[in-house]
Amino acid sequence: MNAFFEGLGKKFSQTGQDAMKKTKDLAEISRLNSQIADEEKKLNKLYLKLGQLYYQMNTENPDPVYLDICQAIGGCLQTIDRHQVMVDEIKGIKKCRRCQTEVPLSSTFCPTCGNKLSEDREIPVSAICPECGMENGSSATTCIKCGKLL
């Protein structure tokens, strides 16, 4: 009978050790997965920065492989600019082209840098696709949505 309890004790001890090892393994896996996720976030930020740098350096003459993406980015930027002009107009302001100071619409000169302010609002022009109605960048030659010539 003593051997029975001794065997049972060993079984409990081994089961406890196995459970402790599994717990340590799970904790280590969780720690490593967290580190992987952190590195993936860093990587995505670097990819984003690389894409932004490429666009900034090659806006005028992108590689044909990236042409559609660059045109789409240009279209988005123009839409943002147009909407910002509309927001500024609703707020009753315009921005100095030289220093970006917000001034009342009625201002003739910038109070910050003295620049003469333009009378006409500058809303970037975009090309509208006659086929699908998609708004494209002003320099686009093909539609970013349907691919038709503009």
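The values are calculated or read from the model by the stated rules, or taken from the named source; none is laboratory data. Since the structure is predicted, the reported quantities are computational estimates derived from the model, not experimental observations. Here the Cβ positions follow ideal geometry from the backbone for every residue, glycine too, while neighbour counts run over all protein chains shown.
Taking the conditions exactly as written (farther than 24 Å from E135 by Cβ and among the acidic types (D, E)), does E102 satisfy them or not? Write out each step before concluding.
On the way: farther than 24 Å from E135 by Cβ: yes; among the acidic types (D, E): yes.
The answer is yes for E102.
Kindly indicate whether L105 is modelled with pLDDT of 85 or more, among the aliphatic types (A, V, I, L, M) and within 22 Å of the chain's Cα centre (by Cα). First the steps, then the outcome.
Working: modelled with pLDDT of 85 or more: yes; among the aliphatic types (A, V, I, L, M): yes; within 22 Å of the chain's Cα centre (by Cα): no.
Judged against the criteria, L105 is not a match.
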Residues in segment 40-54: is at least one surrounded by 10 or more Cβ atoms within 10 Å (Cβ to Cβ) and touching a residue at least 24 places away in the same chain (Cβ under 8 Å)? no
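Given the structure, is G75 more than 16 Å from I144 (Cβ to Cβ) and small (G, A, S)?
Details: more than 16 Å from I144 (Cβ to Cβ): no; small (G, A, S): yes.
So G75 does not fit the description; no.
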When you scan segment 30-43, do you find a residue that is farther than 30 Å from A72 by Cα, of a type in the set (V, I, T) and modelled with pLDDT under 95, even just one? no
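Given the condition on the phi > 0 side of the Ramachandran plot and modelled with pLDDT of 85 or more, answer yes or no: does some residue in segment 129-146 qualify? Reasoning before the result, please.
Taking segment 129-146 first, the residues on the phi > 0 side of the Ramachandran plot are 133.
After this cut, where a residue has to be modelled with pLDDT of 85 or more as well, the list is none.
Looking for residues that are on the phi > 0 side of the Ramachandran plot and modelled with pLDDT of 85 or more, one finds none in segment 129-146, hence no.
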Count, please, the residues in segment 68-84 that happen to be out of contact with any Pro (no Cβ under 9 Å at 6 or more places or on another chain), farther than 16 Å from Y54 by Cβ and of a type outside the set (A, V, I, L, M, F, W, C). 3
Could you give every pair whose Cβ atoms fall below 9 Å, whose first residue belongs to segment 79-99 and is at pLDDT below 90 and part of a helix (DSSP H, G or I), and whose second residue is among the charged types (D, E, K, R) and surrounded by 15 or more Cβ atoms within 10 Å (Cβ to Cβ), counting only separations of at least 6 or pairs across chains? T79/E135; Q84/K95; V85/K94; V85/K95; D88/K94; D88/K95
